[in-house]
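So the structure is just underneath, and the comments pick up after that.
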Amino acid sequence: MIRLLRILATVSTIGALLSAPLPASAAAAPSAFEGARLYRQLLSSPDPTSAYLALTDLQQESVQLALTVVTVREAPASATAVALAGGCWYAQKGIQGISLAGLVVWQFNSKINWCSNGSVITSKSNQVWPSNMALFWSYDTSNGWPVVHEYGGVNYTYYETWSQAHMMFCPPGTGCVQHQYPWIDLVGYPNGTYSGSAGT
């Protein structure tokens, strides 16, 4: 009889443990899928920052997760060289940050223009700019950013630029939680061909 009572008591204890509610931390966790859904709602809001701050802590964490970069890729159809009039060309390339939810959250672009007489470069110029910037991601233009280094150029057999940007993810009320430093290298030649690469 005593043994039976002990067994029943043990079963009762196990049942109580199994039916007890899970702690909040175990019952709910940030979700990139949910964050992407909330992000689309924020985009349609007249005041996305206020709408974000009105979310619960868990919802804000989900949005942050959905916008956190996990990989980069070359921007589709960004690598190109185009002939202009009179022995001049331009080449352009872009690189994108892709988030955990598969969203493009930033894009860094670089473009070079050059002319030649067929043997050497006779004129050159360059440009860098951001595009496809997601909410709370920003393109740093302070403290010397973006960086552009030029090599070769007029009277050389090539014109090269190596450029780098500083992308910052700074959700309201949190501070900057992720920094990315994409770079692009472009080289133009007197015959109108070019080469290029990009990365972080």
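The set of residues in segment 133-176 that are of a type in the set (Val, Ile, Thr) and open to solvent by less than 50 Å² (accessible area, probe 1.4 Å) comprises Val147, Thr161.
Would you say Ser138 is over 21 Å from Gln92 (Cβ atoms), touching a Cys at 6+ places or on another chain (Cβ under 8 Å) and in a strand (DSSP E or B)?
Working: over 21 Å from Gln92 (Cβ atoms): yes; touching a Cys at 6+ places or on another chain (Cβ under 8 Å): yes; in a strand (DSSP E or B): yes.
Yes, satisfied.
Pairs, please: C-beta under 8 Å, at least 6 apart or cross-chain, first residue polar (S, T, N, Q) and in segment 43-59, second surrounded by 13 or more Cβ atoms within 10 Å (Cβ to Cβ) and in a loop (DSSP other than H, G, I, E, B)? Matching pairs, first to second residue: Thr49/Pro172. Quick one: count up the residues across segment 161-200 that are part of a loop (DSSP other than H, G, I, E, B) and of a type in the set (A, V, I, L, M, F, W, C). Number of matching residues: 4. Taken over segment 93-110, the criterion of being open to solvent by 20 Å² or more (accessible area, probe 1.4 Å) and either in contact (Cβ under 8 Å) with a residue 60 or more places away in the chain or part of a loop (DSSP other than H, G, I, E, B) (or both) is satisfied by Leu100, Ala101, Gly102, Leu103.
The rows are residues; the columns are (1) at pLDDT 95 or above; (2) among the charged types (D, E, K, R); (3) closer than 30 Å to Asp185 by Cα.
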position	(1), (2), (3)
Ile14	no, no, no
Leu18	no, no, no
Ala28	no, no, no
Ser44	yes, no, no
Leu53	yes, no, no
Ala85	no, no, yes
Gly94	yes, no, yes
Ile98	yes, no, yes
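Number of residues in segment 24-70 that are polar (S, T, N, Q), open to solvent by 40 Å² or more (accessible area, probe 1.4 Å) and in contact with an Asp or Glu (Cβ under 8 Å, 6 or more places away or on another chain): the value is 1.
The values are calculated or read from the model by the stated rules, or taken from the named source; none is laboratory data. Source: prediction; values computed, not measured. A quick note on method: Cβ atoms are made from the backbone with ideal geometry, for glycine too, and the neighbour counts reach across all protein chains shown. Ligands, DNA and RNA are stripped out before the accessible areas are found, and what is left, the full protein with its side chains, is counted by its heavy atoms. Shrake-Rupley method; radii C 1.70, N 1.55, O 1.52, S 1.80 Å.
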